[in-house]
1. Could you grab me the full set of residues in region 390-418 that are of a type in the set (Asp, Glu) and more than 18 Å from Ser298 (Cα to Cα)?
2. All but one of (1) within 30 Å of Leu351 (Cβ to Cβ); (2) outside any loop (DSSP other than H, G, I, E, B) hold for Ile110; which doesn't?
3. Exactly one of these conditions fails for Phe412: (1) in a helix (DSSP H, G or I); (2) over 22 Å from the mean Cα position of the chain (by Cα); (3) surrounded by fewer than 20 Cβ atoms within 10 Å (Cβ to Cβ). Give me its number.
4. Check off (1) in contact with a Ser or Thr (Cβ under 6 Å, 6 or more places away or on another chain); (2) under 27 Å from Ile238 (Cβ atoms) for Ile435 and give me the number that stays unchecked.
5. Would you please name the residue that is modelled with the lowest pLDDT, looking only at residues in region 312-327 that are closer than 24 Å to Leu393 by Cα and buried (at least 21 other Cβ atoms within 10 Å of the Cβ)?
6. Considering only residues that are assigned to a helix (DSSP H, G or I) and either at pLDDT 90 or above or of a type outside the set (A, V, I, L, M, F, W, C) (or both), look in region 341-350 and name the one that is surrounded by the fewest Cβ atoms within 10 Å (Cβ to Cβ).
7. Within region 335-356, can you find the residues that are touching a Leu at 6+ places or on another chain (Cβ under 7 Å) and either free of Cβ contacts under 8 Å to residues at least 60 places away in the same chain or of a type in the set (A, V, I, L, M) (or both)?
Amino acid sequence: MQAIDQSVFHRQIVKGSLWVFALRIIQQGFNMIRLIILARLLLPDDFGLIGIALLTMSILETFSQTGFQQALIQKKDDIKPYLDTAWSFLVLRGIFLCIFLYFLAPYAAIFFRTPGAVNIIRLVGLAILLQSFSNIGIIYFPKDLEFNKQFLYESSALIVDFTVAVTIALIYKNVWALLLGYLAGNLTRTVMSYLLHPYRPRFIFDFQKAKRLFGFGKWVVSSNILIFFITQGNDILIGRILGVHSLGLYQMANRISNLPATEVTHVISQVTFPTYSKLQDNRQGLKDLYLKVIRIISFIIFPIGGLIFALAPDFTRIFLGEKWMPMVPAVKILSLFGVVRSLGATVGPILYSTGRPNIQAKLSGIQLFFMALIIYPLITKWDITGASWAILLPNVLALFMIVGESKKIVLFQYREILKIILVPATAVLAMSAVIFFIQLRCIPLKAGTIYFFASGIIGAVVYLAFVFIGDKWTGYTLRRDLKAIAVICRS
């Protein structure tokens, strides 16, 4: 880090973060509008069908990962000699998955008792194939903190996906809207990857280079396999035990409650992993940045989780319709999971960037074991509500464990973390209390969108008021961080 100008580096971090946050805000807006439109036009069974196809794809993708992208970002030396080898393996992997999904499709449909999923699964395999040919050169976008280019790459695919899915849904009102939107988005990503980066990959197989990349990547792969079962094991059991209708309800609940958390988590990993990798030999700088990340993330994610928890029934009834109301209890529970998951996501990049992905894999194994003990009885007793508890409780346990491991690396004190989250946690309790009071006193207004948005705005104002009062009294330093970000934005 001595060779890097600190002010320039911090400016890169902030501006890179703002690009990623801008992308995620746009994505969330498009995804939410798309979700509302499609939920009105399609049935839970349609979402369940595409959910089965994507779940089948995710299983194969997870077990065939290489971890090469993460290894390339983490490497301190020049990565260009490794790019062609990494790209060649990724293309072969895409071809294999496409062929395998084609032949697996009938058996997956039998497992989930959904014959109509066969052709959908096969076309999802084509989407994987398209994605596998993407230009490996775009790995430089996150590695060099060039998130403005990442913004163009992702947003173009998002717009195409949205346009195709909504147009087909309006015309045909069936599951093919979801699938063809997904295909169009993947094709756009592949094309844009070559338009935005000049690197042109070639088919080269250097097994020694692949072996060196896999030395780091194997732990990333192990973690991702475990995380897959932790986050999507519920989907497999719900699809198998409760059927496609319940799977559609659960996946919609997961999207609504976890959409903000998923996006924040993605932002965290996209920005902090390459940033921490550059700071891996500067432990004091790593600690200072880590605590600042916790402060900003908790400020953002706590009110989002609180608003989803408090307004879930009204949002579902007003925007999605009565047919989706059975998922409301699951939405409330999963909104808490989203908060816990986002806090835990601040730690994973620390472990990866300091060359210790094995710790993440081991902790994920413990988390999966705990979930495996409780998931079946909870699903059979309380359906999708039980499934939601089965994913929340192990994540709480995992959060405590992973924070303990990160403490050994970053050398912070527990009281430093508690001081950071105390202010937003208190503020979100006050916000929730105000919203519930409004709900009790304003029953005649509950039918309309004015009531819904007024409740959210009042809740947000209460939250901000409590945060900034707490900031002044406790030395939370949030305002100082926000002012520093504002100065960099204006420069």
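1. Scanning region 390-418 gives a single hit, Glu405.
2. (1) is the only condition that Ile110 fails.
3. (1)
4. Tallying (1) in contact with a Ser or Thr (Cβ under 6 Å, 6 or more places away or on another chain); (2) under 27 Å from Ile238 (Cβ atoms), Ile435 fails exactly one: (2).
5. So, considering only residues that are closer than 24 Å to Leu393 by Cα and buried (at least 21 other Cβ atoms within 10 Å of the Cβ), the one modelled with the lowest pLDDT is Ala312.
6. Gly344
7. Within region 335-356, Leu336, Val340, Leu343, Gly344 qualify.
Rundown of residues vs (1) of a type in the set (Ser, Thr, Tyr); (2) within 15 Å of the chain's Cα centre (by Cα), yes/no style:
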{"site": "Val339", "(1), (2)": "no, yes"}
{"site": "Ala361", "(1), (2)": "no, no"}
{"site": "Ser364", "(1), (2)": "yes, no"}
{"site": "Val396", "(1), (2)": "no, no"}
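The values are calculated or read from the model by the stated rules, or taken from the named source; none is laboratory data. If you're wondering where the values come from, they're calculated on a predicted model, not measured in any experiment. Heads up, the Cβs are rebuilt from the backbone with ideal geometry, glycines too, and the neighbour counts pull from every protein chain shown.
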